[in-house]
Amino acid sequence: MICGDKCPRQIRVCLVLILMTVSGSGAAVKPDVRQFVAVIDFDCTAPSSLPQGELANLARQTTQKLGSRGVAVWADRAWALDLGGEPGPEYLVPLDCGATGNCRWAVLASGPARLLGTVDGALIYIHAHSSGWPELTGYASMGAGDGVVTSYVYRNGRYVAKSEREVRDAAFEKFAQSYGLQSHCEK
C-alpha cells in the first residue's frame, strides 16, 4: 500500500476507487452489432454472388463510366442482400479498390437491373431498419487511427451522401467503439 498502515481508512478507500477507475478506463467496449444488418468488406464478396448477364454488364459499365481510382478494378463479384423495397435482392459490388482496402461500391438493384448509387469505404455498415431503405455508412481508412465516415440515405430512387466527416484521435476512438472495425457478413 502507498502509505502503509498510517493512512486513514477514507484515503485508502479513495485510492482503491481511483485505481479501479483508471484501470477500467482503457477497457475495450464491444460495439452493439445488432444495430447493423451486416458490416461488409471486400472479403465478404464472391464472384459467384454476382449474377452474370445484365447485372454483371451494369457493374462493368459503371466502372468504365466512373473510371478507376484504385490500384485494382474488380466489378466481378458481389455481396447480395435485401435492402427492402424491391422484389429481388440488391447487390453491393466493389468496383475498384485501393491498396489500403478502401473500395468504391456500386449498389445495384436486380429487378429491373439498375444502379442505385455508389458508396465508398473499406467497410460498409448496413443499418437495421423497420421499413423503407436502410441508411448505409462507409468507413474509409486514412491510416492508423483516422479515417473518413460517410453516411448515405436513399432518396429519389438512389443512395446519396448525407454527411461526411473525418474521424481521428478521440473521434476515431468513439467511432471504433460504437461501430466496430470488423466485417460481420454471412456467406
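Derivation of every value follows stated rules applied to the coordinates shown; laboratory data play no part. Fair warning: this is a prediction, and the values are worked out from it, not measured in the lab. Every residue, glycine as well, gets a Cβ built from its backbone with ideal geometry; the counts of neighbours run over all protein chains shown.
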Counting only residues 5 or more apart in sequence or on a different chain, those whose built amide H sits under 5 Å from that of Lys162 are Ser151, Tyr152, Val153
Can you list the residues, at least 5 places off or on another chain, whose amide H is less than 5 Å from the amide H of Met142, using H built in the peptide plane? Gly147, Val148
If you add up the charges near Tyr154, with Lys and Arg at +1 and Asp and Glu at -1, over every other residue whose beta carbon is less than 12 angstrom from its beta carbon, what do you get? 0
Distant-in-sequence amide H partners of Leu50 (H built 1.01 Å from N, under 5 Å): Ala78
Considering the alpha-carbon set of region 92-152 alone, what are its Rg and its Dmax in angstrom? 12.6, 41
Count charges around Gly143 for me, please; just the other residues with Cβ under 14 Å from its Cβ, Lys/Arg as +1, Asp/Glu as -1. -2
Computed ³J(HN,Hα) along region 152-168: with the Karplus parameters 6.51/-1.76/1.60, θ = phi - 60°, integer Hz and x for glycine or proline, the list is 10, 10, 8, 9, 6, x, 8, 7, 10, 5, 9, 7, 9, 8, 8, 10, 8
Ordered by residue, what ³J(HN,Hα) values in Hz, to whole numbers, does region 125-139 give under the Karplus form 6.51 cos²θ - 1.76 cosθ + 1.60, where θ = phi - 60° and Gly and Pro are x? 9, 9, 6, 5, 8, 9, 7, x, 8, x, 6, 10, 10, x, 10
Two pseudo-spin positions, 7 Å from Cα along C-beta at Ala128 and at Gln64, lie apart in nanometres by 4.3 nm
Using every alpha carbon pair in region 31-179, what percent of pairs falls into each 5 Å bin from 0 up to the bin containing the largest distance? 2, 10, 19, 23, 22, 14, 7, 3, 0, 0
Using every pair of alpha-carbon atoms in region 143-187, split the distances into 10 Å bins beginning at 0 and state the percent of pairs per bin, rounded to integers. 24, 39, 31, 5
Would you compute the Debye intensity of region 108-187 from its alpha-carbon atoms alone, equal scatterers and no solvent, and pass along log10 I(q)/I(0) at q = 0.14, 0.26 Å⁻¹ to two decimals? -0.51, -1.32
What does the extension gain come out to for Gln182 and Ala46, with contour length at 0.36 nm per residue minus their alpha carbon separation? 47.2 nm
